[in-house]
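Colleague: Quick one: the structure is below, and I'll ask about it shortly.
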Amino acid sequence: MSRSDGILQGRVAVVTGGASGIGAATVRRFLAAGAKVVIGDMNVPAGQAFMADLAGSGFTEQVRFQAGDVSEEADVIELMGLAESEFGGIDIVFNNAGIGGAIGSILELDVDHWDQTFAVMARGVFLGIKHGGRAMRKTGRGGSIINTASIAALSGCGGPLAYSATKAAVVNMTMNAATELAYLNIRVNAVCPGIIFTDLMHRGHVKEAGQTVEKIQPSTLKGEPEHIAAMVQFLASDDSVFVTGTTQVVDGGYLANGLLGVHPLPGVAKRPTYSGMNYGTTGKENEIRFLEPKKDNPGD
Ligand SMILES: NC(=O)c1ccc[n+]([C@@H]2O[C@H](COP(=O)([O-])OP(=O)(O)OC[C@H]3O[C@@H](n4cnc5c(N)ncnc54)[C@H](O)[C@@H]3O)[C@@H](O)[C@H]2O)c1
């Protein structure tokens, strides 16, 4: 029997971006801990494949998949509505869906890509708090909302400009929402993952990513989605009943090490040679434009 057996018994959880990576690991953990789970994700094939996988592990009755985009209010309302109609209310919301977003040269950043990045990771989290919070208010049971930020929120070189700015917004929204919703017994916390080996992070370059991480991360462990899921489960459970408005860094000591001015992640280059949009694992094609080097002004 694992330590988490039964810790979320009878709880209903909504997990966005739950078809892949950190979200999927959290879904598995929540289910193993006794929760009923609704997975929200816009990647339908990935969601269906994950549901088949879960069924293979014996989870069918306690889990549902809802296709939708967290940046669309109607989709978020539908997602929360499904959890209420299927499982009778919501106790836990994990606002976790994310993409790489606008990447490359700040000087070339496309406003539309900037807006899309904020739509998914700032507006999406706001909508999850708003409609998850409303569902919790209805039951009167209170609840726990957990938002995925990033160490990129807390430093100048942890991620691309737009991505990092959305994650900083998530950290602040977490504090404000925790303050406002405390009277409803709703706790709100954020988790800041470090470098976690998911498709979004390594984009298929697992070996190269591993070599970079070795140089800059104090812990010798490889960051796994389960490392984040363990923290999310703690924040979701009554073990953290007095924890609200906080940001929990789970990064193998990476931030403590000062990020070292190294730009380890795709999309963060000192002299960007490209500009564009990274849609992560949503199934949408990335849009990357390579920039011509300026021969007449090499210092530019
Ligand atoms: N992997 C890392 O190193 C790392 C580090 C810090 C923060 N994060 C954050 O963790 C979260 C999960 O990332 P991951 O690494 O597990 O990535 P992932 O690509 O494996 O999973 C993200 C999931 O979110 C879904 N998604 C994206 N946009 C969506 C939208 N608009 N509506 C609904 N679903 C959407 C994708 O389809 C995918 O299934 C993200 O918010 C990411 O920014 C990841």
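Colleague: Quick test of your reading of the structure: VAL191 fulfils all but one of (1) in contact with a strand residue (DSSP E or B) (Cβ under 9 Å, 6 or more places away or on another chain); (2) open to solvent by 20 Å² or more (accessible area, probe 1.4 Å). Name the failing condition by number.
Modeller: It is condition (2) that VAL191 fails.
Colleague: Can you work out which of the residues in segment 62-80 that are within 25 Å of ALA32 (Cβ to Cβ) and not small (Gly, Ala, Ser) is surrounded by the most Cβ atoms within 10 Å (Cβ to Cβ)?
Modeller: LEU79
Colleague: Further, regarding this structure: Which pairs have Cβ atoms under 6 Å, sit 6 or more apart or on different chains, and link a residue in segment 188-203 that is of a type in the set (D, E, K, R) and more than 8 Å from the ligand (Cβ to nearest atom) to one that is open to solvent by 20 Å² or more (accessible area, probe 1.4 Å) and part of a loop (DSSP other than H, G, I, E, B)?
Modeller: Listed by first residue and then by second, the contacts come to ARG203/PRO266.
Colleague: So which residues in segment 5-40 are open to solvent by 10 Å² or more (accessible area, probe 1.4 Å), away from the ligand (no atom under 16 Å from the Cβ) and part of a loop (DSSP other than H, G, I, E, B), if there are any at all?
Modeller: Matches in segment 5-40: ASP5, GLY6, ILE7, GLN9, GLY10, ARG11, GLY34.
Colleague: Give me a count of the residues in segment 79-113 that are over 19 Å from the mean Cα position of the chain (by Cα) and either without any contact (Cβ under 8 Å) to a residue 40 or more places away in the chain or within 12 Å of the ligand (Cβ to nearest atom) (or both).
Modeller: Counting residues in segment 79-113 that are over 19 Å from the mean Cα position of the chain (by Cα) and either without any contact (Cβ under 8 Å) to a residue 40 or more places away in the chain or within 12 Å of the ligand (Cβ to nearest atom) (or both) gives 5.
Colleague: Determine which single condition PHE59 fails, assuming it passes every other condition in (1) under 16 Å from the mean Cα position of the chain (by Cα); (2) among the hydrophobic types (A, V, I, L, M, F, W, C); (3) surrounded by fewer than 20 Cβ atoms within 10 Å (Cβ to Cβ).
Modeller: It fails just one condition, (1).
Colleague: Okay, moving on. Identify, please: which residue in segment 123-160 is of a type in the set (S, T, N, Q) and at pLDDT 95 or above and is, among those, most open to solvent (accessible area, probe 1.4 Å)?
Modeller: Among those that are of a type in the set (S, T, N, Q) and at pLDDT 95 or above, it is THR139.
Colleague: Can you go through VAL63, VAL76, VAL44, VAL70 and tell me which one is more than 10 Å from the ligand (Cβ to nearest atom), of a type outside the set (Gly, Ala, Ser) and modelled with pLDDT of 95 or more?
Modeller: Values: VAL76 fails: more than 10 Å from the ligand (Cβ to nearest atom); VAL44 fails: more than 10 Å from the ligand (Cβ to nearest atom); VAL70 fails: more than 10 Å from the ligand (Cβ to nearest atom).
Going through VAL63, VAL76, VAL44, VAL70 in turn, just one is more than 10 Å from the ligand (Cβ to nearest atom), of a type outside the set (Gly, Ala, Ser) and modelled with pLDDT of 95 or more: VAL63.
Colleague: Right, something else. Could you list, in sequence order, the residues of segment 158-202 that are among the aliphatic types (A, V, I, L, M), over 25 Å from SER105 (Cβ atoms) and either in contact with a Ser or Thr (Cβ under 8 Å, 6 or more places away or on another chain) or part of a helix (DSSP H, G or I) (or both)?
Modeller: Going residue by residue through segment 158-202, those that are among the aliphatic types (A, V, I, L, M) are 161-162, 165, 168-171, 173, 175, 177-178, 181-182, 184, 186, 188, 190-191, 195-196, 200-201.
Going one step further and asking which of them are over 25 Å from SER105 (Cβ atoms), we end up with 171, 173, 175, 177-178, 181-182, 184, 186, 188, 190-191, 196.
VAL171, MET173, MET175, ALA177, ALA178, LEU181, ALA182, LEU184, ILE186, VAL188, ALA190, VAL191, listed by residue number.
Colleague: Among the listed residues GLU214, GLU224, which satisfies the condition of being over 30 Å from ARG137 (Cβ atoms), surrounded by fewer than 20 Cβ atoms within 10 Å (Cβ to Cβ) and at pLDDT below 95? Step through it out loud before you land on a result.
Modeller: On the way: GLU224 fails: at pLDDT below 95.
Criteria check complete, one pass: GLU214.
The values are calculated or read from the model by the stated rules, or taken from the named source; none is laboratory data. Note that this is a predicted model, so its numbers are computed, not measured. Quick reminder, even Gly has a Cβ in these numbers, built from the backbone with ideal geometry, and neighbours come from all protein chains shown. Note: accessible area is taken over every heavy atom of the protein model, side chains too, but ligands, DNA and RNA are not part of it. Shrake-Rupley method; radii C 1.70, N 1.55, O 1.52, S 1.80 Å.
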